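What follows is one structure encoded as structure tokens, with my remarks underneath.
What follows draws every value from the coordinates through simple rules; no lab data is involved. The structure presented is a predicted model; accordingly, all values stated were derived computationally and were not measured. Here the Cβ positions follow ideal geometry from the backbone for every residue, glycine too, while neighbour counts run over all protein chains shown.
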């Protein structure tokens with residue numbers, strides 16, 4: 001049939017519809033079918049003899065296994081004089097043991113079709129190993145080598161310092177990274193979370209002794225959890241994990257909840273110079289509440305209305321209506337003892353001041369007027385529809401479960417997530433807007449000072465910082481004061 | 001019955017026997033699919049996956065840059081952007097709006113041979129996506145204002161990318177040397193002077209030729225009911241008229257076997273660098289499978305042979321990356337290395353030549369080959385891990401020379417490669433006479 005010209009056949013036989021109008025069903029979007037029920041994988045967990053928490057999500061159809069090891073110590077546990085220590089220690093774990101070199105570990109990871117990465121947040125350090133099904137023992141053996149016998153050799157420490165230094169330098173070319181880091185430095189001031197937002201120069205201060213001490217203190221099974229997802233069950237997982245990690249000795253330790261810092265309440269405008277940046281990047285935000293608060297759900301819906309998508313208020317106003325911005329979004333990020341919201345916009349330099357005013361106006365508007373039913377339903381529909389997309393991949397599923405367990409979030413953020421979003425109404429959104437958004441946010445502007453400062457002269461007070469977060473000077477109505 | 005429906009009913013009645021259908025159930029392959037062809041030539045592939053209440057829809061048009069004519073480059077990418085600028089019943093950017101509002105993720109990408117439009121949405125929104133996709137396939141709004149906006153956006157993107165990616169210009173020049181003809185060798189981005197000269201009629205002609213059902217595959221993967229999905233696909237797509245048969249795409253004449261060495265001055269290059277390429281066996285030919293595994297042995301993973309040797313051991317390169325690239329019916333192996341200076345460039349090239357000489361004369365160890373295969377398998381099965389990845393994979397394979405029927409045997413073919421085959425393929429292709437070198441010098 002393929003050899004016949006489709007066009008000729010169609011032309012011949014479609015004479016009857018030559019003058020046809022379009023079919024009626026094309027004129028408007030169809031009504032959706034009922035949504036199939038979301039069946040989340042069951043999470044089974046247990047505690048091993050040495051206090052290590054083990055959780056398994058069985059996905060028999062998967063050709064991979066995803067392994068997440070979480071150490072419940074993050075950058076907020078780094079000593080005040082040594083920011084970056086938690087991240088450095090985590091990276092050092094894959095850099096060899098006294099008997100197995102870093103190169104050999106890399107080869108072994110490749111041999112099981114593995115992907116290995118580490119992540120350090122203010123609250124925890126996570127090791128992710130994603131590998132082909134059938135290699136569970138090899139993966140656990142490698143993990144046990146890293147966790148139980150890290151070498152922390154001077155040679156590898158020097159090499160990692162160089163890598164991290166240049167990586168951080170590279171990241172500092174991203175204005176959004178710079179702006180967010182400055183915002184969080186200001187918001188977290190003296191709080192231990194401030195340790196997470198360091199510059200590349202602090203890496204040189206770290207020593208082998210510091211790394212060893214951090215490891216000895218926090219890398220304990222009773223301060224850790226493992227999540228496995230894939231073609232296995234809890235019984236198999238418990239046997240294999242115990243086999244490789246039962247000699248990991250536990251040690252009594254406390255994990256006190258850090259106090260929540262106070263949200264910002266006064267006008268703060270901060271500028272960070274990024275020479276040759278073509279745009280002005282605005283990062284505006286304030287502290288909210290820690291994880292596991294019921295206010296999360298109305299605030300998540302509010303965030304969607306305000307700036308969660310290209311059809312939210314900020315994008316439609318700053319980009320579509322006023323043409324000030326290339327992009328404008330808002331987000332929530334929650335940690336164990338505190339969270340924050342941030343609005344990020346990349347705007348044309350000449351519209352910096354006007355963009356700041358518009359963002360503040362949108363924040364004010366959402367605290368004064370209740371959101372419309374249309375916006376409310378659209379935002380809820382997005383959050384409910386998008387939830388399964390966040391756990392579609394096995395590694396994403398493993399990561400989500402590890403966070404649920406690390407923060408003891410329970411079912412509210414898992415099987416009851418959609419119900420909790422469904423229950424949000426305009427009154428609840430109004431209530432949380434009043435509670436969290438009335439306080440004045442911190443405004444950070446990142447860009448080329450030779451271009452931007454002229455456009456920011458109307459600000460009463462502008463603090464100018466360097467990339468390390470050091471206050472250089474303050475401008476009063478554009479004049480150094 | 002209104003005239004519209006009489007005509008359509010007659011057409012459908014006569015054509016009902018022309019559509020073809022096939023179901024595929026392969027033992028040992030991780031998923032099954034069914035395939036049928038609509039009367040207008042649209043290839044449809046459906047695959048069930050009820051893990052999550054999601055569905056992914058991919059429209060794959062054989063409308064990549066390879067089909068552009070000299071002087072008209074950039075059209076394929078331009079059309080990709082214009083597909084979001086509105087159609088008869090869907091306003092500008094509303095496609096993204098409809099999909100995003102229900103929690104979905106819309107996207108598109110242009111390659112050298114295929115332009116993909118894809119989205120994942122909650123499974124109950126399948127009809128919405130089919131409505132959206134069929135509207136822009138049937139009645140895209142192409143007017144001079146839209147075309148001008150799309151041209152400007154493309155020119156902005158080219159200028160931004162050229163400013164941000166220091167070795168981009170040299171890479172584009174390298175492709176023209178390495179690939180055998182204009183169709184394969186020119187960039188998806190297009191030449192700025194060509195884009196400026198594009199007329200709205202050029203855009204309309206490209207759309208009318210390539211954005212037609214008989215040049216396209218529709219793939220739906222996810223939590224679907226096959227019968228209901230087929231019904232919806234037929235409802236939205238069956239009455240879209242087919243286009244004329246796309247112009248015949250002739251395979252290129254094989255290039256002369258001779259080494260090419262040239263230099264390129266790059267004002268943005270922060271360091272000396274070079275591109276090295278080899279013209280290799282055609283995609284899915286016997287040697288292609290061998291070279292695909294060799295790609296993983298040389299370039300992929302943290303313990304890849306060339307990275308270990310040139311960056312970690314000998315310190316001759318600051319950075320090295322490489323791999324096989326295929327553009328429809330032509331494949332090449334590319335290497336890009338950044339070095340401290342020109343002396344390092346020369347030493348690095350000599351070191352690669354010596355490594356390739358070893359590959360031609362002695363077998364790789366079975367351990368190293370097994371490692372390369374594990375990494376290959378990881379990436380291969382990753383490509384079918386989620387409904388969207390599976391749909392993209394099926395869309396690519398349906399237009400490949402081997403087609404969907406050969407799919408179950410593909411991975412085993414790669415896994416059967418032996419050290420002897422690697423040595424033989426290296427001897428046939430990784431040789432100076434098949435190579436092209438472009439040395440990048442700082443201005």
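Just the C-alpha atoms of chain B: what Rg/Rh do they give, with Rh taken as the Kirkwood radius?
Values: Rg = 23.6 Å, Rh = 23.7 Å.
The Rg/Rh ratio comes out at 0.99.
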The convex hull of the Cα atoms of segment A:268-480, divided by residue count, gives a volume in Å³ per residue of 137
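At 4 °C and a viscosity of 1.567 mPa s, what translational diffusion coefficient does Stokes-Einstein give for segment A:253-361, taking Rh as the Kirkwood radius over Cα pairs? Give it in µm²/s as a whole number. Numbers along the way, then the final one.
On the way: Rh = 15.3 Å.
The diffusion coefficient I find is 85 µm²/s.
Suppose we keep just the DSSP beta bridges with both residues in segment B:19-237; what percent of those would be antiparallel, to 5? Walk me through the numbers on the way to the answer.
Numbers: 32 of 38 bridges.
Given both bridge residues lie in segment B:19-237, the antiparallel proportion sits at roughly 85 percent.
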Dividing the mean separation of Cα pairs under 8 Å (6+ apart) by the residue count of chain B yields a relative contact order in percent of 21
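Take the alpha carbon gyration tensor of the protein assembly as shown, find the square roots of its eigenvalues, order them as a ≥ b ≥ c, and report rounded if a/c is under 1.5; if not, report prolate when a/b exceeds b/c, else oblate. Intermediate values should be presented prior to the final figure.
Numbers: a/c = 1.38, a/b = 1.15, b/c = 1.20.
Here the protein assembly as shown falls in the rounded category.
When N counts the residues of segment A:43-245, how does its alpha-carbon radius of gyration compare numerically with 2.2 N^0.38 Å, as a ratio? Spell out each step's value before the answer.
Numbers: Rg = 17.6 Å, N = 203, 2.2 N^0.38 = 16.6 Å.
The value comes to 1.06.
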Mean-square fluctuation maximum in Gaussian network of chain B, Cα pairs under 10 Å, restricted to B:408, B:387, B:247, hits B:247
Neighbour-count ranking for B:210, B:380 (other C-beta within 10 angstrom, fewest to most) reads B:380, B:210
Label model pair residue B:361, residue A:474: point-to-point distance (7 angstrom along the Cα→beta-carbon line) in nm is 7.4
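If each residue's Cβ is checked for other Cβ atoms within 10 Å, how do B:234, A:216 rank with the fewest at the top?
So the ranking, lowest neighbour count to highest, is A:216, B:234.
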Inter-part gap, Cα centre of segment B:376-438 to Cα centre of segment A:322-401, in whole angstrom, is 41
Taking Cα atoms only, helix B:419-429 is inclined relative to the longest principal axis of chain B by an angle, in degrees rounded to 10, of 90
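Tally the DSSP beta bridges in the protein assembly as shown and give the antiparallel ones as a percent, rounded to 5. Don't skip to the end; give the middle numbers.
Numbers: 110 of 138 bridges.
Of the beta bridges lying entirely in the protein assembly as shown, close to 80 percent run antiparallel.
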Expected max-MSF residue from B:400, B:47, B:354 in the GNM of chain B (alpha carbon, under 10 Å) is B:354
Per GNM of chain B with C-alpha springs under 10 angstrom, the most fluctuating residue out of B:402, B:330, B:219 is B:402
Restricted to chain A, the DSSP antiparallel beta bridge percent, nearest 5, is 80
Relative contact order in percent for chain A (Cα pairs under 8 Å, 6+ apart) equals 19
With Cα coordinates, the longest principal axis of chain B makes an angle with the long axis of helix B:144-164, in degrees rounded to 10, of 20
Summing -39500 (n - 2.57) over every DSSP H run of at least 4 in chain A, dividing by its residue total and rounding to the nearest 500, the 222 nm mean residue ellipticity is -10500 deg cm²/dmol
Between residue B:228 and residue A:348, Cβ-based FRET efficiency (R0 60 Å, step 0.05) works out to 0.80
Plugging the Cβ-Cβ distance of residue A:396 and residue B:196 into 1/(1 + (r/R0)^6) at R0 = 41 Å yields, to the nearest 0.05, a FRET efficiency of 0.45
Taking alpha-carbon centroids only, segment A:197-227 lies from segment B:286-355 a number of Å equal to 35
Stretched fully, the stretch from residue B:159 through residue B:246 gains (0.36 nm per residue minus C-alpha distance, one decimal, in nm) 28.1 nm
Rounded to whole angstroms and listed largest first, the alpha-carbon spread of segment B:22-105 along its three principal axes comes to 49, 36, 25
Residue separation between residue A:163 and residue A:373 times 0.36 nm, minus their alpha-carbon distance, gives in nm 70.5 nm
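Work out the P(r) tail for segment B:169-287: percent of alpha carbon pairs separated by more than 23 Å, whole number. Please list the in-between numbers first.
Working: 4176 of 7021 pairs.
Summing the P(r) of segment B:169-287 above 23 Å gives 59 percent of all pairs.
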In Å, the C-alpha Rg and Dmax of segment B:272-392 are 15.4, 49
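Calculate, for residue A:266 and residue A:466, the FRET efficiency according to 1/(1 + (r/R0)^6) with r their C-beta to C-beta distance and R0 25 Å; round to the nearest 0.05.
Values: r = 23 Å, r/R0 = 0.91.
Once rounded, the FRET efficiency stands at 0.65.
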Listed with the fewest Cβ neighbours within 10 Å leading, B:371, B:257 appear as B:257, B:371
Taking chain A, the whole-percent share of alpha-carbon pairs separated by over 31 angstrom is 53
To the nearest 10 degrees, the tilt of helix B:342-361 (Cα long axis) against the first principal axis of the alpha carbons of chain B is 80
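Which percent of the Cα-Cα distances in segment B:19-237 go past 33 Å?
Numbers: 5299 of 23871 pairs.
Across segment B:19-237, Cα pairs with separations above 33 Å total 22 percent.
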